[in-house]
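First comes the structure, then the notes that go with it.
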Amino acid sequence: MREYTSDAIRNVAVVGHGASGKTTLVDALAFVSGSSKRHGSIKAGNTLTDTSPEEVERQYSISLGCAFAEWNDVKVNLIDTPGFLDFQGDAIAGLTAADGALITVAAATGVEAGTERMFREAIAREDPVLFVISMMDKDHADFDRAYRMIKDRLTTKVVPVEIPIGAGSGFSGVINLVTKKARVPKKGAKAGEFEEIDVPASEQKRFKQYHDEMVEAVAATDDVLLEKFFGGEEIPGELELHALKEALKRADLFPVLCCSAQMLIGVRTVMDFLVALMPSAYEMEELHAFKGAEGDKTVEIHPKTDAPFAALVFKTTAEPHVGDVTFFRTFSGTVSSGQEVFNATRDGAEKLNHLSIAQGRERIEVAKLHPGDIGCVAKLHNTHTNDTLSTKAHPVRLPEVEFPAQLVSFAVKAASRNDEEKLQQGMHRLHDEDPTFETHYDGETHETIVSGFGERHIEVAMARLRRQFGVEANLSAPRIAYRETLSASADGQGRHKKQSGGRGQFGDCSVKMRPAKRGAGYEFVDSIVGGAIPRNYIPAVDKGIQEASVRGVIAGYPLVDFVAECYDGSYHSVDSSEASFKMAGIQAFKSVAPKCRPVLLEPLDLVEVTTPDDYLGDVMGDLSSRRGKLLGTEQAPNGAGSVVKAVVPRADLHVYGTRLSSLTHGRGSYTRHFQGYEQMPHEYAAKVIAAHEKTKEDDDE
C-alpha cells in the first residue's frame, strides 16, 4: 500500500436516507477502482461495509464502515454511514471525520427525511456537498423528478454535471456535461468499464437543457467565466471544473451526479468527479484549523507533515477474537506503526502497533499515515470515541463529535436474575462502541434505563446483547417519577412512647403542615418556646419529618413543596433522646399529612417539534391529545418548516418519536427538556394511586 500525502487524500462521508443506495455505492466505488476485489450486494449480504450479523439480517446499515478507493493517484477514503435516524449518531461521526459529503438520493423516491437531515448537518459544518441520484436502474426511477425535489426541498444552488441515458430497465449510460460526451458500458465489462461516444440524438434536447443550466450556474460564480459567458465564448471544461470546485468549497454550488451502483453504470464517472471536485484534506485546512488546548495555551492544528501529531477517535468497534478496534482521523503530523502516542483526553500513553487502514472488515497494515488520512488500530488499552491522540510533548484536545440528545428511553431488566451483572457489562460495552446508546440507574424508580434515538436503535442494541453477551433482556416503559404535595393546612401530634424495662423511649411533638409555593421545596420552622422540647432534640423532629416525606402519603412518591412547623411538645428528662424525637417526627407526619388533602404532581417536559408546514395541524392535534399545553409556533431556521412549542406530561411522551415520524413521514424532529411539576388531574391521579395500592397488595402477599 503506497503512502498518500494530504494533497492526494479525499475524505468523503456517504450519507443520505436509509435504503438510498449508500452501502452499495461505496462497495461499487471500491470495486471499480480495483481497491476491492469483490462486488457485493445487500441482498447477498456480502457488501464491503455492512458486516455485522444485525446488518446482514436487516439489510440496512447500523454503524459506520470505512473503505477506500485509489483513483488517478488519489486515495478516496469512503465513510459509509447509516441512513435511518435511529442511528444518526454514526452518520454525524462520519461527517466529523470527513472533509465533504456525498449525499445519495434514490432515483425512485427522491428527497426523504434522512436526506434533509444530513444535508442540514453537512451545511452546518460548512462541508462541501455532492449529490448523486442513485439506483437509476430501479423501477420508477426518475432523474428529473429527483433533481427537482433537491432544488425545491433542499437548495436552489444545485447544478447538474451528469445526466442519465434512460431510466429503470432502460438505463444504459450517462452523459458527462463537462466533457459533452456519453459514457456507455463496454460489451462484457466486469468493473464498470465504458466507452465514450457522442451524445445520442435522442438525448440532445435534454443534454442542451441541462448543459446550459450548468454553464450558466458555474459562470455566475466566477467573474472571468461570467465575462466569457456574456461574450458568447465557449468555456473550456477544465475552467468549468476549477470553478465548480471553488464554488463547491464555498457552498455556492452543489453538483449533482447519477449512477447505478448495482449495474456499475456511471460509477467510474462518480469517481472522476469525486477526485476532481472534492477538496483534499490539505485544501480543507482552513476549516480544520482547530484550536486545541495545550496545557494552559491555545494552539491551531493544521494538516502539516512537520507539525506535532494530532488525531481524533471518531469510532470504536469490537471484533470477535480481536477486541476493540479504534478508528481515527489524523489532523496534524504523521504517525508510524509502532509509535507511542499520548491520549490527551485520558492522560495516558498508547502504542499504535499494527497501524492499518480499513477496507470494510479487512485491515491493511501501513508503515505511516500523513495528516488528513484515516487509520485504525486494535487493542488500545484505554482509548475511546472522542478521545484525542497526540504527543506527550504537545498534548492537545480536538473538538469532539457532537452527538444529539437521546429521544427515547426504556427500563431494561435481565430475563434471568443471574444475568444482571452480564447485562450491565454488556450495556457498558455497547456504549463504548456507540456513545449514543446510554444507560444509567435511576435511584428513585430503582430501574436501569437505556436511551437512544428510537425504538429501532434500542431493539438492535438488545439483539447485540443477545448475540455478543448471551443476555436476554426485557424492555418496558420507564416508571414516572411523580411527586406528592399538600393542598391544605392541618396540625396534629406525633407521640412516641416505649417502655420495656430499664430506660424507655419518649418523644412528643405538635406539628402544623401547610403547602408551599411550587418549586420551593421543604421548609422546617422551629416555633418552640419555653423549652417545651429541648433545643438539641428539635433537629431530630425535622429529620423524622423529612425521612417520612420521602415515602409520601397517597402513592409512595416523595412529598415536596411544604412547610412543617413544630410549635409544641413535651419530653422526659430520662427517656427522651434524639432517636425518640425522630420517631415522634415520623408519627407527626403520618398523622398530619393525610389531613392536608395531599395531591399528586406529574413531571412536565417542554417539547419543541420541528415539522414541515404540511403536517403542522396534525402535529399540534397530536400534542393536544397528549394533554399538551400549546405555547405557540414560530418559523424554523433555514426554512425547514415550523417549530411548535408545548408543555406535555412526561407520561404521555413515551416513544413519541415513533408517532411523530409517522405523522410527518419521517421529516419531523423534536427536543424535550424538563419543565417542572404540576398537579395531576384527578382521573389520571386515581389510576396512579390505584396502581400503587395494587403493588402494595402484591408485596404483602
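The values are calculated or read from the model by the stated rules, or taken from the named source; none is laboratory data. No experiment lies behind these values; they were computed from the predicted model shown. Positions of Cβ are backbone-derived with ideal geometry, glycine not excepted, and every protein chain shown enters the neighbour counts.
Would you mind stating whether A247 is in the same structural domain as I175 (by TED's automatic domain parsing) and free of Cβ contacts under 8 Å to residues at least 40 places away in the same chain? It is true that A247 is in the same structural domain as I175 (by TED's automatic domain parsing) and free of Cβ contacts under 8 Å to residues at least 40 places away in the same chain. Contact annotation: residue pairs with Cβ atoms under 9 Å, 6 or more positions apart or on different chains, pairing a residue in segment 650-663 that is among the polar types (S, T, N, Q) with a partner that is assigned to a loop (DSSP other than H, G, I, E, B), are T658/G454; S661/G454; S661/R667; S661/G668.
Contact map, segment 260-286: residues that are within 16 Å of L248 (Cβ to Cβ) paired with residues that are among the basic types (K, R) and part of a helix (DSSP H, G or I), Cβ distance under 8 Å, separation 6+ or inter-chain. Pairs shown: A276/K245; L277/K245; P279/K245; P279/K249; E283/K249; M284/K249. Of the conditions (1) under 23 Å from the mean Cα position of the chain (by Cα); (2) modelled with pLDDT of 95 or more, M620 clears all except one; give me its number. Result: M620 fails condition (1) only. Collect the residues in segment 10-34 that are in contact with a Phe, Trp or Tyr (Cβ under 6 Å, 6 or more places away or on another chain) and of a type in the set (S, T, Y), keeping them in residue-number order. Listed by number, the list holds a single entry, S33.
Tell me, please, whether a residue that is part of a helix (DSSP H, G or I) and at pLDDT below 95 can be found in segment 76-86. First the steps, then the outcome.
Here is the first cut: in segment 76-86, the residues part of a helix (DSSP H, G or I) are 85-86.
Then drop every residue that is not at pLDDT below 95, which leaves 85-86.
The answer is yes, given that some residue of segment 76-86 is part of a helix (DSSP H, G or I) and at pLDDT below 95.
Let's see how each residue does on (1) out of contact with any strand residue (DSSP E or B) (no Cβ under 7 Å at 6 or more places or on another chain); (2) under 30 Å from E3 (Cα atoms); (3) surrounded by 24 or more Cβ atoms within 10 Å (Cβ to Cβ):
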residue	(1), (2), (3)
H39	yes, yes, no
I42	yes, no, no
S52	yes, yes, no
Q59	yes, no, no
T81	no, yes, yes
F84	yes, no, no
A93	no, yes, yes
I103	no, yes, yes
G114	no, no, yes
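Name the one entry in V132, V215 that is closer than 18 Å to L248 by Cβ, β-branched (V, I, T) and assigned to a helix (DSSP H, G or I).
Details: V132 fails: assigned to a helix (DSSP H, G or I).
Every option except V215 fails the conditions.
Among the residues here, V511 qualifies as assigned to a strand (DSSP E or B) and either of a type in the set (A, V, I, L, M, F, W, C) or not assigned by TED's automatic domain parsing to the domain that holds F674 (or both).
The criterion of at least 1 residues that are surrounded by 22 or more Cβ atoms within 10 Å (Cβ to Cβ), modelled with pLDDT of 95 or more and among the aliphatic types (A, V, I, L, M) is met by the following helices (runs of 4 or more DSSP H) wholly inside segment 219-278: 237-249, 267-277.
If the condition is being at pLDDT 95 or above and out of contact with any Gly (no Cβ under 7 Å at 6 or more places or on another chain), then segment 318-329 contributes V325, T326, F327, R329. Checking each residue in segment 609-625 for being acidic (D, E) and under 17 Å from T671 (Cβ atoms) picks out only D622.
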